[in-house]
Amino acid sequence: MPLFLPHFNIQKFNTLAVPAVANYFVSVQSDEDLREAIAFAKAEQLPLLVLGGGSNIVLRSDFPGLVLHMKTRGIDLVEESDEFVWLKVAAGENWHELVEYSLDNGFYGLENLSLIPGSVGAAPIQNIGAYGVELKDVFAELSALNIQSGLMVTFTNESCQFGYRDSIFKQSLKDQYIITSVTLKLRKVPELNLEYPALRAALIDIPEGEITAEQVSAAVIAIRQSKLPDPVQIPNVGSFFKNPIIPIGQFEHLKSSYPTIVSYPIDAQQVKLAAGWLIDQAGWRGREVNGVKVHQDQALVLTNPGKLEGKLILQLADSVVASVQEKFGVVLEMEPRVYP
Ligand code: EPU
């Protein structure tokens, strides 16, 4: 039986370092622990909050329920072909440690996703992505427990309905499943993705044919460290807003007023804008309100240096959204999930 710790402060379990008390906290080390935790929550009629690395969540206030900290471990090679390996990874594994493990073992495809904070089980929920690669590009399937029925279900790449920072687990199936493992399909011979201009620029001294996956990983780590604050030193959850996707007509109109607007093409109808640029241009970069801040080096990141309450961060986020909407007519959507 796992230990159910009452009246537990989860400040150390969310990277924004928000102080919030959960009615109960339990560390889940096995599928058996998970089933017992769900049974406990049902018996006590407690809502559940599943935490991996706690790096994509904002706690609005105390959590009136049971927090499950996923700590299951294990990386298993479950299938192999001439070209690929399939790694089944327990939800509680740390994402970046998995990236390092894959490179150490000659399995490729995760190098652009180096240094993303958080756990493996959380990665599919928002389809983590960076430097031209998204989880969906290497994802084979996942196992998840249906909280209501207790059945273990397999989700294929298609059934996860992955989108930009999105999946079915943020939409119609929100809070209905607990992801227990993720199976990735990785290459035995690297096929590097150097599309992202800043990444190619960082590797400009090496001829394209000689670049290794390890060098890509090192370059991604260096770029991330140069603009994203380390959550251990300055509490944050990475990008606080999604890059908004707008109709091309609206984009052309904006571009005529703001010729330097930063955008990425999507298709013939839509364009993605750099939210960081919009927030910066609206005058927010480096600003502090009630002790919480818009990061000086990257306006897309909100930080909580004083380890203050989540509602202050959400208030700052609301002000940023309102001001970007007023200036550009674009509504920013938050990237992290908010609980309770
Ligand atoms: N910019 C500014 N001012 C700022 C911030 C950015 O002018 O304060 C400009 C930059 O100069 C650049 C553009 O905005 O031209 C975009 O900035 P950046 O290249 O830093 O990347 P991003 O679009 O802000 C996205 C992801 C990151 C991911 C990087 C690399 C989102 C919401 N964010 O950031 O993901 O690492 O691309 O692929 O899609 C995360 O999700 O937590 C995250 C860090």
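The values are calculated or read from the model by the stated rules, or taken from the named source; none is laboratory data. All values reported here derive from a predicted model rather than from experimental measurement. When we count neighbours, we look across all protein chains shown, and the Cβ atoms used for this are built from the backbone with ideal geometry, even at glycine.
Tabulated values for the structure
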{"item": "Filtered residues of the range 98-112 (kept if of a type outside the set (A, V, I, L, M, F, W, C), part of a helix (DSSP H, G or I) and under 19 Å from Val78 (Cα atoms))", "result": "Glu100, Tyr101, Ser102, Asp104"}
{"item": "Any hit, the range 29-52, residues being in contact with a helix residue (DSSP H, G or I) (Cβ under 8 Å, 6 or more places away or on another chain), more than 20 Å from Glu309 (Cβ to Cβ) and surrounded by 20 or more Cβ atoms within 10 Å (Cβ to Cβ)", "result": "no"}
{"item": "Contacts under 8 angstrom Cβ, first residue in the range 323-340 being touching a residue at least 24 places away in the same chain (Cβ under 8 Å), partner polar (S, T, N, Q) and surrounded by 20 or more Cβ atoms within 10 Å (Cβ to Cβ), 6 or more apart", "result": "Glu335/Asn56; Glu335/Gln126; Glu335/Ser239; Pro336/Asn56; Arg337/Asn56"}
{"item": "Residue selected from the range 295-306 under the condition more than 8 Å from the ligand (Cβ to nearest atom) and part of a loop (DSSP other than H, G, I, E, B), by the criterion nearest to the chain's Cα centre (by Cα)", "result": "Asn304"}
{"item": "Selected residue (criterion: nearest to the chain's Cα centre (by Cα)) from residues of the range 46-81 that are farther than 18 Å from Asp175 by Cα and part of a strand (DSSP E or B)", "result": "Ile75"}
{"item": "In the range 237-294, residue farthest from the ligand (Cβ to nearest atom) [restricted to those that are acidic (Asp, Glu) and farther than 21 Å from Val320 by Cβ]", "result": "Glu252"}
{"item": "First in the range 126-148 and within 17 Å of Gly92 (Cβ to Cβ) and polar (S, T, N, Q), second anywhere and in a loop (DSSP other than H, G, I, E, B) and more than 10 Å from the ligand (Cβ to nearest atom), Cβ under 9 Å, 6 or more apart", "result": "Ser143/Ala91"}
{"item": "Failed condition for Lys311, given (1) part of a loop (DSSP other than H, G, I, E, B); (2) more than 10 Å from the ligand (Cβ to nearest atom); (3) touching a residue at least 60 places away in the same chain (Cβ under 8 Å); (4) of a type in the set (D, E, K, R)", "result": "(1)"}
{"item": "Single residue of Gln270, Gln281 found to be touching a helix residue (DSSP H, G or I) at 6+ places or on another chain (Cβ under 8 Å), surrounded by 13 or more Cβ atoms within 10 Å (Cβ to Cβ) and in contact (Cβ under 8 Å) with a residue 40 or more places away in the chain", "result": "Gln281"}
{"item": "So Val28, is it touching a Lys or Arg at 6+ places or on another chain (Cβ under 7 Å) and touching a residue at least 12 places away in the same chain (Cβ under 8 Å)", "result": "yes"}
{"item": "Long-range neighbours under 7 Å by Cβ, at least six apart or interchain, first residue away from the ligand (no atom under 11 Å from the Cβ) within the range 216-234, second assigned to a loop (DSSP other than H, G, I, E, B) and of a type outside the set (Ser, Thr, Tyr)", "result": "Val216/Leu192; Ala219/Leu203; Ile221/Leu115; Ile234/Pro305"}
{"item": "Checking Gln126 against (1) closer than 22 Å to Thr303 by Cβ; (2) away from the ligand (no atom under 16 Å from the Cβ), the condition it does not meet", "result": "(2)"}
{"item": "Of the criteria (1) in a helix (DSSP H, G or I); (2) under 22 Å from Val237 (Cα atoms), which one Leu115 fails", "result": "(1)"}
{"item": "Condition met for Leu68 (out of contact with any Pro (no Cβ under 9 Å at 6 or more places or on another chain) and of a type in the set (A, V, I, L, M))", "result": "yes"}
{"item": "Flag if Glu134 is under 18 Å from the mean Cα position of the chain (by Cα), within 12 Å of the ligand (Cβ to nearest atom) and of a type in the set (D, E, K, R)", "result": "yes"}
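Quick grid of which residues meet (1) in a strand (DSSP E or B); (2) within 25 Å of the chain's Cα centre (by Cα); (3) modelled with pLDDT under 95:
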| position | (1), (2), (3) |
| --- | --- |
| Leu199 | no, yes, no |
| Gly209 | no, no, yes |
| Ala219 | no, yes, no |
| Pro259 | no, no, no |
